[in-house]
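Have a look at the structure below before the remarks.
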Amino acid sequence: MSKSTRLLTATYILSYVAASAPEVVTTERISSQVDEHPTRVRQIVADLVKAGLLVASRGAAGGVSLKKPASEITLHDIQQAVQDGSLLNLNLFEPSSEWAGKSRVHLVFENLRDELEKRIRDYLGEHTLDQTYAPIIVPFSPGGTTDMLARTLGEHLGGGLGAPVLVEHVPPATRGRRTAPSPLLQAHATRAQVDGRTLTIMTNSGVLAAALAKGGEGQDPGLLPVTLLAESEMILAVSASSPWVSVQNLARSAKSTRNRRLRYASVGRGSVSHLCGALFARATGAVLEHHPYGGAQPAVKALIDGEVDLYFGTPPTFLPHVRAGSVRALATTALHRAEAFPDLPRMADIYPGFEVVGWHGVFAPAGTAADVVQRLCERVAEVMALPEVRRRLARQGFRVAVSSPAELAQRMEREVALWRERLEGSGLDLDGDCWLKTAGRK
């Protein structure tokens, strides 16, 4: 692990431990949450224990918990613990993580916010960052599946771009339960930095949300396709405390007039998780309520807490929660068996035609020369072909899937056309109220 990542990883570790309090957390669970190898996590955890920020439990289960109150942790404490004074990796770090909210992890970030912002302003005043780093823009908060991919790609991509890679988070703006694309994303992604170093990672959720909205286009004119990056099926999941143990069991409850309408979560209007819920409503003839959230982690938390009844998400989102016994996976939307969940039935076997695949792609700013786009495509493909990258992403539930720029553009066009056809007569209004009040019946 490079020193430029130790400070941020240590902050993630403290954040997850704080969010899990008073429960003692094992290093294995931490590594699955912060997307680092267990050996690396153990090294940093040992440093945090030695510095008095964490305390190691004794006993068969092992694990760590906070030794200092979250409200007393400072940036200086963490820097001293991991011997990392680097600021570059934190210069655009978003304090309001998807782990924030009602949990105590929010206190950790609040303690650091003022100091970070001051140091960032001082740093930016002394450095021209466009000349010192290559950004990968992620239009979501840290901790989600896109962040996992960006960090994995960035670790190996810097040499090919001639500059160290920095992941910039530009999360969506959330107004109540409505989630809107951040106005900063367009400015970040389309700024006059077309030197072949600025990249954006987008999901098909972002592509579909923009294209299926009223007056939407199939492709953001400010972005050029570079290559497909990875695929992952969508998993239908419910809370482990719910009574549903199969898709058929869930569908019967959804259609029953004796029960209230079932509620399903998504990561935003027009996202793949939203569209999967609409497709499930149409396939079963049920009427469901749509509850959009600002990201995958808030949606999973809502599922576990009973705010919603079902959620279509990716394997990396669900894996740690299924292992912890708080979430029950019911089915996969892919035609093949999910590698991360090999025993799950396929939705297409229950409802013919129910096939959905999520994907992440790499994009460059509009105006980037075609030969530069091709060079970026080849360099990303080289990174994704590395055995260690493929193994790491497979553990997280991804399938590596690269393409040419033209192939990615064609896939986007086909997918937008497919969903427009699927949604005809479904009663789904992407620009209407937050709640899906009606759904088409078979």
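The values are calculated or read from the model by the stated rules, or taken from the named source; none is laboratory data. Source: prediction; values computed, not measured. In this analysis, Cβ positions are derived from the backbone assuming ideal geometry, glycine residues included, and neighbour counts consider all displayed protein chains.
Matching residues to (1) in contact with a Phe, Trp or Tyr (Cβ under 7 Å, 6 or more places away or on another chain); (2) aliphatic (A, V, I, L, M); (3) surrounded by 21 or more Cβ atoms within 10 Å (Cβ to Cβ):
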{"position": "THR332", "(1), (2), (3)": "yes, no, yes"}
{"position": "LEU335", "(1), (2), (3)": "no, yes, no"}
{"position": "ILE350", "(1), (2), (3)": "no, yes, no"}
{"position": "TRP359", "(1), (2), (3)": "no, no, yes"}
{"position": "ALA366", "(1), (2), (3)": "no, yes, no"}
{"position": "ALA369", "(1), (2), (3)": "no, yes, no"}
{"position": "GLU388", "(1), (2), (3)": "no, no, no"}
{"position": "ARG395", "(1), (2), (3)": "no, no, no"}
Do we find that VAL402 is buried (at least 17 other Cβ atoms within 10 Å of the Cβ), assigned to a loop (DSSP other than H, G, I, E, B) and either in contact (Cβ under 8 Å) with a residue 60 or more places away in the chain or not polar (S, T, N, Q) (or both) in this structure? yes
Out of (1) free of Cβ contacts under 8 Å to residues at least 12 places away in the same chain; (2) under 28 Å from TYR16 (Cα atoms), the one ASP343 does not meet is (2)
Residue in region 30-48 that is modelled with pLDDT of 85 or more, under 12 Å from LEU14 (Cβ atoms) and not hydrophobic (A, V, I, L, M, F, W, C) present: yes
Tell me which of these LEU228 doesn't satisfy, since it passes every other one: (1) modelled with pLDDT of 85 or more; (2) outside the structural domain of LEU262 (by TED's automatic domain parsing); (3) under 28 Å from LEU303 (Cα atoms); (4) among the hydrophobic types (A, V, I, L, M, F, W, C). (3)
Return the total of residues in region 335-371 being small (Gly, Ala, Ser), outside any loop (DSSP other than H, G, I, E, B) and within 18 Å of PRO316 (Cβ to Cβ). 2
Here the residues within region 306-337 that are in contact (Cβ under 8 Å) with a residue 60 or more places away in the chain and of a type in the set (D, E, K, R) are ASP309, ARG323, ARG328
Find the residue count for region 245-295, including only residues that are small (Gly, Ala, Ser) and farther than 22 Å from ARG346 by Cα. 5
Does SER253 satisfy the criteria of being surrounded by fewer than 24 Cβ atoms within 10 Å (Cβ to Cβ), closer than 23 Å to MET148 by Cβ and of a type in the set (S, T, N, Q)? no
Within the group HIS290, HIS274, which residue is closer than 19 Å to THR146 by Cα and either without any contact (Cβ under 8 Å) to a residue 24 or more places away in the chain or outside any loop (DSSP other than H, G, I, E, B) (or both)? HIS274
